[in-house]
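Enquirer: What follows is a structure written as structure tokens; I'll ask about it next.
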Amino acid sequence: MIAFIFPGQGSQYVGMGADVAEQYAAAAMVIEQADAVLGIELSRLMREGPAEELTATEAAQPALLTHSVAVLRVLKAKGLQPDVVAGHSLGEYSALVAAGALDFENALRLVRHRGELMAEDGQRVGGTMAAIIGLEKKKVEAVVEEAGSGQVLVVANYNCPGQVVVSGAVSAVQQACELAKQRGAKGSILLKVSGAFHSPLMTGTAQRFGEYLHQAGISDARVPIVSNVDATARSDASGIVRALARQINHSIHWEESVRRMIEMGVEVFVEVGPKRVLTRMLDKIDDTVGAMDTSDGKAIEEVVAKLA
């Protein structure tokens with residue numbers, strides 16, 4: 001079995017999509033379509049930046065979806081189809097497109113709106129996120145419990161062994177980073193985000209976006225989608241919608257989602273989109289399975305040559 005997995009926010013970079021669009025007409029058409037649907041020059045922002053604008057949540061989310069779907073169209077044109085899909089946080093919307101549960105235009109509008117709401121909540125209530133490196137998850141959970149006393153602080157992402165992300169009030173996140181270092185963490189990285197994603201501080205967004213999701217035209221999936229809010233494989237539209245709404249202010253269980261796909265019989269994971277963040281995580285989760293990326297034209301051709 002082959003799984004297509006899709007990266008989330010943080011994988012964007014200035015120049016993203018340019019080489020793929022130049023090499024493949026199918027990819028170029030997707031990027032042009034994004035400009036038309038959103039009514040903005042997303043392609044220019046992806047290609048030229050500036051980085052500060054591309055990193056903004058309301059821009060990064062549609063840019064990442066567009067890049068992933070552009071590569072997806074190339075893979076499908078070459079005859080590659082997934083048996084199961086999953087996406088890391090925002091990447092779950094690219095996974096919906098891959099599974100036939102959502103068309104690209106509606107997905108674009110969804111993630112643009114999602115990004116705007118998350119940015120608004122971030123400005124209104126504040127908060128930030130940090131990756132804790134080299135500390136086992138149980139110890140990170142203990143740090144969160146101690147540092148979060150009286151403030152909002154949660155584990156936002158269980159990414160892979162040795163990488164757990166915390167989210168919440170700025171002072172609580174900073175204290176968690178200090179405590180984690182004292183408890184043996186190799187380090188911590190404050191993330192360039194506009195709010196405390198996947199935490200209770202995003203509850204307002206989750207409620208407003210949940211209403212919007214029910215009108216988005218999400219249908220039953222043709223292949224299972226493993227929802228990373230609970231590592232459960234789903235194909236029914238109603239279940240997918242509920243999981244997407246919960247995802248905004250609940251933890252991302254990526255490591256568990258990957259292990260679930262392996263239990264389902266997945267032998268090869270293909271990361272569809274920019275960079276290779278998820279591919280590196282896979283090496284830490286289970287290095288016995290195949291992991292391939294599509295970060296540039298050469299990598300795409302290698303995937304096609306091996307799997308098509």
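The values are calculated or read from the model by the stated rules, or taken from the named source; none is laboratory data. Everything numeric here is computed off the predicted structure, so don't read it as measured data. Reconstructed Cβ throughout: ideal geometry from the backbone, glycine too, with neighbour counts over all protein chains shown.
Enquirer: Please go through (1) modelled with pLDDT under 95; (2) not assigned by TED's automatic domain parsing to the domain that holds Ser257 for Glu178 and return the number of the only condition it doesn't satisfy.
Expert: Unmet condition: (1).
Enquirer: Next up: Looking at (1) of a type in the set (Lys, Arg); (2) without any contact (Cβ under 8 Å) to a residue 24 or more places away in the chain; (3) more than 13 Å from Val140 (Cβ to Cβ), can you tell me which one Lys192 breaks?
Expert: Among (1) of a type in the set (Lys, Arg); (2) without any contact (Cβ under 8 Å) to a residue 24 or more places away in the chain; (3) more than 13 Å from Val140 (Cβ to Cβ), Lys192 violates only (2).
Enquirer: Can you report the number of residues in the stretch 264-279 which are in a helix (DSSP H, G or I) and buried (at least 18 other Cβ atoms within 10 Å of the Cβ)? Give the steps one after another, and end with the answer.
Expert: Going through the stretch 264-279, the residues in a helix (DSSP H, G or I) turn out to be 264, 277-279.
Filter again for buried (at least 18 other Cβ atoms within 10 Å of the Cβ), leaving 277-279.
Matching residues across the stretch 264-279 total 3.
Here is a yes/no grid of residues against (1) in a helix (DSSP H, G or I); (2) under 20 Å from Leu96 (Cβ atoms); (3) modelled with pLDDT of 95 or more:
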residue: Gly204; (1), (2), (3): yes, no, no
residue: Ser219; (1), (2), (3): no, yes, yes
residue: Asp230; (1), (2), (3): no, yes, yes
residue: Val258; (1), (2), (3): yes, yes, yes
residue: Ile262; (1), (2), (3): yes, no, yes
residue: Met281; (1), (2), (3): yes, no, yes
residue: Ala299; (1), (2), (3): yes, no, yes
residue: Glu302; (1), (2), (3): yes, no, yes
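Enquirer: Could you list, in sequence order, the residues of the stretch 70-80 that are free of Cβ contacts under 8 Å to residues at least 60 places away in the same chain and under 16 Å from Val223 (Cβ atoms)? First the steps, then the outcome.
Expert: Within the stretch 70-80, the subset free of Cβ contacts under 8 Å to residues at least 60 places away in the same chain is 70, 73, 76-77.
Correct list: Lys76 only.
Enquirer: Something else: Output the helices (runs of 4 or more DSSP H) that fall wholly within the stretch 1-108 and possess 3 or more residues being surrounded by fewer than 23 Cβ atoms within 10 Å (Cβ to Cβ), or say none. Spell out the reasoning first.
Expert: On the way: elements: 18-23, 25-38, 42-48, 51-55, 57-77, 91-98.
Counting at least 3 such residues, we get 18-23, 25-38, 42-48, 51-55, 57-77.
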